[in-house]
Every structure is written in C-alpha cells, then in structure tokens.
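**Student:** Here it is, the structure in full.
The values are calculated or read from the model by the stated rules, or taken from the named source; none is laboratory data. Values in this document were obtained by computation on a predicted structure and should not be read as measured data. Cβ: placed from backbone, ideal geometry, glycine included. Neighbour counts: every protein chain shown.
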Amino acid sequence: MHGIIKRILTELEHHIPFTIFGASTGILLMSIILFSDSLQQVGLVSENIFFILHPTHVFLSALVTTAIYLKYSKKNRWLAIIIGYTGAIGIATVSDSIIPYFGELFLDLPYAEPHIGFIEEPIITNISAFIGIFLAYWKGSTKFPHFGHVLISTWASLFHIIMALGATVSGIQILGIFIFLFLAVWLPCCTSDIIYPLLFTERAKK
C-alpha cells in the first residue's frame, strides 16, 4: 500500500507542469477574448463550445483510463468497460462541471450554474465514452491522448466558467480562474487516467 501511495504522489508531482501549461493556455485564451472585447459574443456560444469540449474530454478520458487498466490487468473485458465508463463520465463531470461551478460560486460570478453533460446531453456524452473504450481495445495508446486530455479538460472547464461571467472580469477573478482551472484538471485527470484504473489491478500493486 505504501508503494501505491508513493506512486500516486509521484504521478501527481510529474503532472504539475502539464497542468500549469494547460491552465496557462486557458488564461491566455480568455485574455485574447477579453482583449478583443468579444466576451459577450463568446458568452452566447460558450455553452455550445462546452458541449463540444466536454464529450471530447469524456472520449479521451475513457480511452486513457481503459488503456491503462488493460495494460496492467488480465484484460477482464467487462470490468474494463465499467472502469473506462465510470472513470470518464464521473471524473470528467467533476473536472469540467463540479469544480468550475464551485469556483464560480467562490468568485461570485453572476451566472454560476452547474452544467452536467450526461444529464443535459446524455446521447453525445455516453457515445463519446463508449467510442473511447472501443479505441482503447483497438489502439491501446496512453501517451498522446493523456496530454490531449489535459488540454481539452482545461478548455472545457474554462468555457464552463465563461458561461458564468458577466460583462467584465477583474484581475483577482482572473487569478482565481487560473487556480480553479489548475485544480479542475490536476487531481481529477490524474485520478481518471492513472489512479482510478490502477486501483483495480493486482499487477500494478505488485
């Protein structure tokens, strides 16, 4: 058990630079939007953008989570499907919706509201998860999809927050958004991609 905890802490530490980079791209994107004075226009379509990025995040999460489990397990097909699905849907919802929503409440954003993908857009969200699981069986890659997972997760969380913004954003709020983008991606993505699937593998524990 001590070895597992040490491994988890090591993985979390190694993913800090990835997550900082992802959160920085989110702030840069939002700064460009603010600089171009198009926040209100982007706000009108941010829900549509979110419901493109969120299913994409679910797809990548399902792909990586399933592939990690298959890499370190005896390849129990049904358990792999369950782990891939629950890891993608559950943890992606925490990353893209729940943590950003708490951030919106903490920063007192005027239009704070949770947007839960598997409730509001169940068809596309669930299909994305099962496509990711299928590709994990076929391809089995974990490296590039995980990096893409970090970026897509950051941007999904960002546009969830943009939906809650008003006409203006203060410097303190931008700093707070960066912090919550980091938190929304760092622990949930590592949990989904690495910690969660490894909890079910005897080989990884050894």
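**Student:** Go through the range 50-86 and give me each residue that's among the small types (Gly, Ala, Ser) and over 11 Å from ILE133 (Cα atoms). It would help to see each step written out before you state the result.
**Tutor:** Step one: filter the range 50-86 for residues among the small types (Gly, Ala, Ser), giving 61-62, 67, 73, 80, 84.
Within the range 50-86, just SER73 meets the criteria.
**Student:** Give ILE32, ILE27, ILE83 a once-over and let me know the one that is over 23 Å from LEU187 (Cα atoms) and either among the aliphatic types (A, V, I, L, M) or out of contact with any strand residue (DSSP E or B) (no Cβ under 6 Å at 6 or more places or on another chain) (or both).
**Tutor:** On the way: ILE27 fails: over 23 Å from LEU187 (Cα atoms); ILE83 fails: over 23 Å from LEU187 (Cα atoms).
One residue alone meets the criteria, ILE32.
**Student:** Kindly establish whether ASN76 is surrounded by 15 or more Cβ atoms within 10 Å (Cβ to Cβ), farther than 19 Å from VAL150 by Cα and without any contact (Cβ under 8 Å) to a residue 60 or more places away in the chain. Break it down stepwise before answering.
**Tutor:** Details: surrounded by 15 or more Cβ atoms within 10 Å (Cβ to Cβ): no; farther than 19 Å from VAL150 by Cα: yes; without any contact (Cβ under 8 Å) to a residue 60 or more places away in the chain: yes.
No; evaluated as a whole, the condition is false for this residue.
**Student:** Next up: Let me confirm something: among LEU107, LEU60, LEU70, LEU12, which residue is buried (at least 19 other Cβ atoms within 10 Å of the Cβ) and over 22 Å from ILE162 (Cβ atoms)?
**Tutor:** Values: LEU107 fails: over 22 Å from ILE162 (Cβ atoms); LEU60 fails: over 22 Å from ILE162 (Cβ atoms); LEU12 fails: buried (at least 19 other Cβ atoms within 10 Å of the Cβ).
Only one candidate qualifies: LEU70.
**Student:** For the structure I just gave you, tell me whether LEU28 is exposed (fewer than 12 other Cβ atoms within 10 Å of the Cβ), in a helix (DSSP H, G or I) and either free of Cβ contacts under 8 Å to residues at least 24 places away in the same chain or touching a helix residue (DSSP H, G or I) at 6+ places or on another chain (Cβ under 9 Å) (or both).
**Tutor:** Numbers: exposed (fewer than 12 other Cβ atoms within 10 Å of the Cβ): yes; in a helix (DSSP H, G or I): yes; either free of Cβ contacts under 8 Å to residues at least 24 places away in the same chain or touching a helix residue (DSSP H, G or I) at 6+ places or on another chain (Cβ under 9 Å) (or both): yes.
Criteria met by LEU28.
**Student:** Let me ask something additional. Checking ILE123 against (1) free of Cβ contacts under 8 Å to residues at least 60 places away in the same chain; (2) touching a Pro at 6+ places or on another chain (Cβ under 9 Å); (3) not small (Gly, Ala, Ser), only one condition comes out false. Which one?
**Tutor:** All conditions pass for ILE123, except number (2).
**Student:** Here is a further query. May I ask you to say which residue of ALA80, ALA23 is under 19 Å from ALA136 (Cβ atoms) and of a type outside the set (Val, Ile, Thr)?
**Tutor:** On the way: ALA23 fails: under 19 Å from ALA136 (Cβ atoms).
On inspection, the qualifying residue turns out to be ALA80.
**Student:** Somewhere in the range 130-138, is a residue modelled with pLDDT of 95 or more, more than 20 Å from ALA23 (Cβ to Cβ) and crowded, with 16+ Cβ neighbours inside 10 Å?
**Tutor:** yes
**Student:** Testing PRO122 on (1) touching a helix residue (DSSP H, G or I) at 6+ places or on another chain (Cβ under 9 Å); (2) modelled with pLDDT of 90 or more; (3) of a type outside the set (Asp, Glu), one condition comes back false. Which one is that?
**Tutor:** Only one criterion in (1) touching a helix residue (DSSP H, G or I) at 6+ places or on another chain (Cβ under 9 Å); (2) modelled with pLDDT of 90 or more; (3) of a type outside the set (Asp, Glu) is unmet by PRO122, namely (1).
One line per residue, one yes/no per condition, for (1) in a loop (DSSP other than H, G, I, E, B); (2) touching a residue at least 40 places away in the same chain (Cβ under 8 Å); (3) over 25 Å from THR168 (Cα atoms); (4) among the β-branched types (Val, Ile, Thr):
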residue: VAL64; (1), (2), (3), (4): no, yes, yes, yes
residue: ALA67; (1), (2), (3), (4): no, yes, yes, no
residue: ALA80; (1), (2), (3), (4): no, yes, yes, no
residue: ILE89; (1), (2), (3), (4): no, yes, yes, yes
residue: PRO100; (1), (2), (3), (4): no, yes, no, no
residue: GLY103; (1), (2), (3), (4): no, yes, no, no
residue: PRO110; (1), (2), (3), (4): yes, yes, no, no
residue: PRO114; (1), (2), (3), (4): yes, no, no, no
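**Student:** I'm checking my understanding of the structure. Among residues of the range 42-79 that are among the polar types (S, T, N, Q) and within 19 Å of HIS115 (Cβ to Cβ), which one is modelled with the highest pLDDT? Quick ask: steps written out before the conclusion?
**Tutor:** Step one: of the range 42-79, the residues among the polar types (S, T, N, Q) are 46, 48, 56, 61, 65-66, 73, 76.
If we keep only those that are within 19 Å of HIS115 (Cβ to Cβ) too, we end up with 46, 48, 56, 61.
Working: SER46: 89, ASN48: 91, THR56: 94, SER61: 88.
Checked the range 42-79; the qualifying residue modelled with the highest pLDDT is THR56.
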